[in-house]
Every structure is written in structure tokens, then in C-alpha cells.
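Accompanying notes for the structure given below.
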Amino acid sequence: MSKSKARTAYVCGECGAEYSKWQGQCGECGVWNTLSQVVLEPAAATSAGAGQAAGRRAGWAGKVDPPKVTALKDVGHTAETRVSTGIGELDRVLGGGLVEGAVVLVGGDPGIGKSTLLLQAVASMAAQLPALYVTGEESLAQVAGRALRLGLPLDGLQALAETGVESILQHAAKAGPRLIVADSVQTLWTESLTAAPGSVSQVRESAARLVRYAKETGTAVFLVGHVTKEGGIAGPRVLEHMVDAVLYFEGESGSRFRVLRAFKNRFGAVNELGVFAMGDKGLKEVPNPSAIFLSGSARQPGSCVMVTREGTRPLLVEVQALVDSSPLSNPRRVAVGLEQNRLAMLLAVLHRHGGVGVGDQDVFVNVVGGIRVQETAADLPVLLAVLSSLRDQPLADKTVAFGEVGLSGEIRPVPNGEERLREAATHGFLRAIVPKANAPRSGSFKGLDVIAVERLAQALEHA
Ligand code: TYD
Ligand code: MG
């Protein structure tokens, strides 16, 4: 390999934007001190890479056809083949199973259960397609020990303790697995770069090698990354645009429930949720997740049940609020599981159009069960919970709510109203406070008394 001077670039660990010069603040996402230098591979290194993939490239490198334009309708396509992972909730988040040749990044805090989930999935899939589990963090004995303890079938599952991408691809080219799990992408490194393992350039280039291998051979690849959605160490957010799907594992520390969310998916719906419970036998699916996001306590002041719809499934979730007189001149607004700025905005609407002021109160809002609610249907339930806490009066028993609150105090409809009402009715709720446009004309729905509201003031009256 000729050692031509390597080109370098600066990449933002937050959003992946690329710059030719270093700067203190990323111009794309505005975050400070996230740029780090990456070495762009010298062109010669590409064909010197190891494994079958590189072999193929070198093979046709001699007679390079000029790229030609093709009518898209003439391009033959193959229907994507999906393989069940054997875990229903994981299949759901992937959009109905794992697509052949897809590269899926599974991110999440350390210790949340990424390795456990993937080991369970890969063990169950290994019966149908040969799989290779590459571990860079744990020893083979540790992985085997865990598999044994979880009682997993291990037929057809190969394991490899290795962190060098070239050597991983060499093994893969020999063994020919149809599925590779790389746990974790932070430990991978490639010989073609001199940067330290774990650095952004190594993580990026190593992942790119695996992606290329996956696309060339049709092998499905799971990449495990220690990342929170907010970014975090070694900036694997830079991987997001390289891969086909990004799944994040979320959950409150201390809670045994884990939520897997599709953050990006080229083969399915985004924001699709899979719910698991961590137990002594690994991760178990929670097939009826509505029940677990309700605190189960008798009705309390400051609590409101909402019907959210994340991905393609409606979910009952409890929103709790605590409103308390503040000793601070600048009272606090704290939102857990919801967007902070949206809470501030909603409180302003509550004051202006609902006539309820909380300017001298601290307001805390929490979504039960460690789930993050990202849709605007949470607006109305949040305000009902705030009002209930402020007045120290619980909402009527068995009441649910959903609806977006506009800046002029109007209650706007949200998608799939009927489906949400059905979920509430199924779980024995008796009253629903919903946007007028989401309400059935008859005023009731399968035993659910539906209260249609157009303005915030109206909704507060009913509460
Ligand atoms: P792990 O999958 O190693 O997390 P990650 O790969 O995301 O870092 O999960 C580790 C945690 O899960 C650890 O705190 C122990 C817990 N755990 C159980 O509670 N039960 C189990 O059966 C297993 C395998 C792990
Ligand atoms: Mg792990």
C-alpha cells in the first residue's frame, strides 16, 4: 500500500456533519466542541482491504465501466426477504422481521440489555441461517456462559472474539454467515487508519467496511453501539446515515421494562416500539404493553392517562404532574419523557387561554415507565395532569385524554383517533376527553363516553 498523505476531515459527533477545517461549533447542529478529526482513507487502502469484499472490488477494478443511466422501471428488483428474529417485539420494530442484507444499529446506554437481546435473537435465528456473533467486549466464555444461563439453543451459531475488521471480514468470507452481530462497534478498528480504536474515525471506517460487506454479500448485520439518543461517547451518531435502521434501547434505570424504538428504518415505520421486561432469564416480550405504563395506583391528583400512538400501535400511558409553589424567582419546569420546551409552551397556553396561572409554581411532569412520548397528542393530558395537581383534585375515575393544544387555545385532532378510542375501551376506560374532530358523532364508542372539546377552556371545565 502506498503511503500517500492521508486526507483528513472534521466530523461532528452529534450530527455527522463534515468540515474540511476544525471549528469550535458545528454549523449544522450548533453544538460546541463535537468536531473531531477523521482520516479519510487513502484511495489505495480501499482495494488493499481484506476479505472477500475487497477481493471482488479488485476483481473488477481493472475494467471500470463508465457509470450509465438506467430507466428506473427497467431495473430489476427483488422483493425483500424477511427473516423472523424469533422475538415478536423485535420483528415489529424492524418492520416485520430482519431484511436480508440490512445493516441495523442497536444503540443504548451501557447495561441496558443490547448484548442480551441480540444474543437471544441471533441464537433463535441461527437455526434458519448461519450466524456469526463477534464479540469485542466480552470473552467467548462470558458469551457462552450467558447463553447457557439463558437456555438458548446454539446450533449453527459461530462466535468470534475479535476487534480487527479485516480479520473479522476474513473469517466471515470463509465461514459465509448470513447474519453477523458486531458487539460493539466502539471496539472495532481497521488497519488502514492509524487513529486509536474507539475514535470517531475508527468507528466510522470500521462500520463502513461492514456496511460495504453487507451490501455486497447480502449478509444482514447488527451493529451494537453504546449511545444514547442524545449522542454520547465516540459519536456513533455519525453512523446513523450509513445504516438501514437505527434502533434505540430506552428505559429507566431501576425499572425492568425496556423499550426498543425504531429511530430510523428504511424497511418499516419509524417510532415503532417494542417492549421488553428484563428478568433473570433475559429479555421477555411484553405483548400487551398498555398495562405496564399505567402506575396502577388508585386515581391520584396530578395523574392523567393518555392514549399515545407510537409507530403503528396505540398505547395507554400515564402522565404525572406535580405542581408546587416555588421558592425560586424563576420557577422550574422539568419534563421527563417529554420535550421541555413544549411543556413551557403548554403552560403559557394554559395561562393565556385556560385562565390558570402557574407562574409562581414549580412544574414537574413525568411519563410513567421510562417511555418517551414524542407526539403532540400528549398536550391535552399534560395540561389536565397539571391542572389536577394544582387543584389537588383527581380526574374522574377511568378517564383518558389525548389531543394537541394549539397556541390560540384550540384543541387539534391527532391521527388515528378511532384506534386510540378502541384501545381505551378495550382496557375498560369509561370516559375520553378528545378533540372534536376525533370524536365519533354518536358521542360514545363501545361503552366509552366520549367528550368532544374544541377549546382548552372547554376541556378544563370537563376535567
Ligand atoms: P447487557 O445485555 O450486557 O447490556 P449491554 O450489552 O446493553 O451493555 O445487559 C446487562 C444487564 O442486564 C446487566 O445489568 C444484568 C442484566 N441482566 C439481567 O437482569 N438478566 C439476564 O438474564 C441478563 C443476561 C442480564
Ligand atoms: Mg454489551
Using the structure shown, decide if L90 is of a type outside the set (S, T, Y), in a strand (DSSP E or B), away from ligand 1 (no atom under 12 Å from the Cβ) and in contact (Cβ under 8 Å) with a residue 60 or more places away in the chain.
no
Within the range 322-348, the count of residues that are among the basic types (K, R) and in contact with a Leu (Cβ under 6 Å, 6 or more places away or on another chain) comes to 1
Which ones in the range 119-175 are within 16 Å of ligand 2 (Cβ to nearest atom), out of contact with any helix residue (DSSP H, G or I) (no Cβ under 8 Å at 6 or more places or on another chain) and assigned to a loop (DSSP other than H, G, I, E, B)?
S139
The residue from L448, L460, L456 that alone is in contact with a Phe, Trp or Tyr (Cβ under 7 Å, 6 or more places away or on another chain) and modelled with pLDDT of 90 or more is L448
Among A147, A207, A172, the single one that is buried (at least 19 other Cβ atoms within 10 Å of the Cβ) and within 24 Å of G95 (Cα to Cα) is A207
Is there a residue being more than 15 Å from L395 (Cα to Cα), exposed (fewer than 15 other Cβ atoms within 10 Å of the Cβ) and charged (D, E, K, R) anywhere in the range 307-316?
no
Mind checking which pairs have a first residue in the range 426-450 that is assigned by TED's automatic domain parsing to the domain that holds G406 and closer than 11 Å to A401 by Cβ and a second that is assigned to a strand (DSSP E or B) and of a type in the set (F, W, Y), Cβ under 8 Å, 6 or more apart or different chains?
A432/F445
Residue check: is G251 within 13 Å of the chain's Cα centre (by Cα) and more than 26 Å from Y10 (Cα to Cα)?
yes
Note on the range 71-90: residues surrounded by fewer than 20 Cβ atoms within 10 Å (Cβ to Cβ) and closer than 28 Å to S290 by Cβ are R82, S84, G86, G88
Can you confirm whether the range 286-304 contains a residue that is assigned to a strand (DSSP E or B), crowded, with 17+ Cβ neighbours inside 10 Å and more than 16 Å from ligand 2 (Cβ to nearest atom)?
yes
Evaluate the following for A127: is it farther than 24 Å from G282 by Cα, away from ligand 1 (no atom under 15 Å from the Cβ) and at pLDDT below 95?
no
Taking A196 as meeting all but one of (1) more than 20 Å from V246 (Cβ to Cβ); (2) in contact with a helix residue (DSSP H, G or I) (Cβ under 6 Å, 6 or more places away or on another chain), write down the number of the exception.
(2)
G95: within 16 Å of ligand 2 (Cβ to nearest atom), surrounded by 22 or more Cβ atoms within 10 Å (Cβ to Cβ) and at positive phi, yes or no?
no
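Every residue, every condition in (1) assigned by TED's automatic domain parsing to the domain that holds D280; (2) of a type outside the set (D, E); (3) in contact with a strand residue (DSSP E or B) (Cβ under 9 Å, 6 or more places away or on another chain), yes or no:
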| residue | (1), (2), (3) |
| --- | --- |
| A71 | no, yes, no |
| D74 | no, no, no |
| L94 | yes, yes, yes |
| G101 | yes, yes, yes |
| K114 | yes, yes, yes |
| L118 | yes, yes, yes |
| P153 | yes, yes, no |
Among (1) touching a residue at least 12 places away in the same chain (Cβ under 8 Å); (2) over 22 Å from the mean Cα position of the chain (by Cα), which single condition is S329 missing?
(1)
Could you please give the count of residues in the range 100-118 that are within 6 Å of ligand 1 (Cβ to nearest atom), of a type outside the set (S, T, N, Q) and not in a loop (DSSP other than H, G, I, E, B)?
2
Reported set for the range 133-144 where residues are more than 9 Å from ligand 1 (Cβ to nearest atom) and surrounded by 12 or more Cβ atoms within 10 Å (Cβ to Cβ) is Y133, V134, T135, G136, L140, Q142, V143, A144
Hey, does the range 176-183 have a residue that's within 16 Å of ligand 2 (Cβ to nearest atom), assigned by TED's automatic domain parsing to the domain that holds G86, buried (at least 18 other Cβ atoms within 10 Å of the Cβ) and not hydrophobic (A, V, I, L, M, F, W, C)?
yes
Cβ-Cβ under 8 Å pairs, at least 6 apart or on other chains, the range 107-119 side aliphatic (A, V, I, L, M), far side within 8 Å of ligand 2 (Cβ to nearest atom) and outside any loop (DSSP other than H, G, I, E, B):
L118/D183; L118/V224
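The values are calculated or read from the model by the stated rules, or taken from the named source; none is laboratory data. These numbers come from a predicted model, not from an experiment. Because the Cβ atoms are built from the backbone with ideal geometry, glycine has one as well, and the counts that use them run over all protein chains shown.
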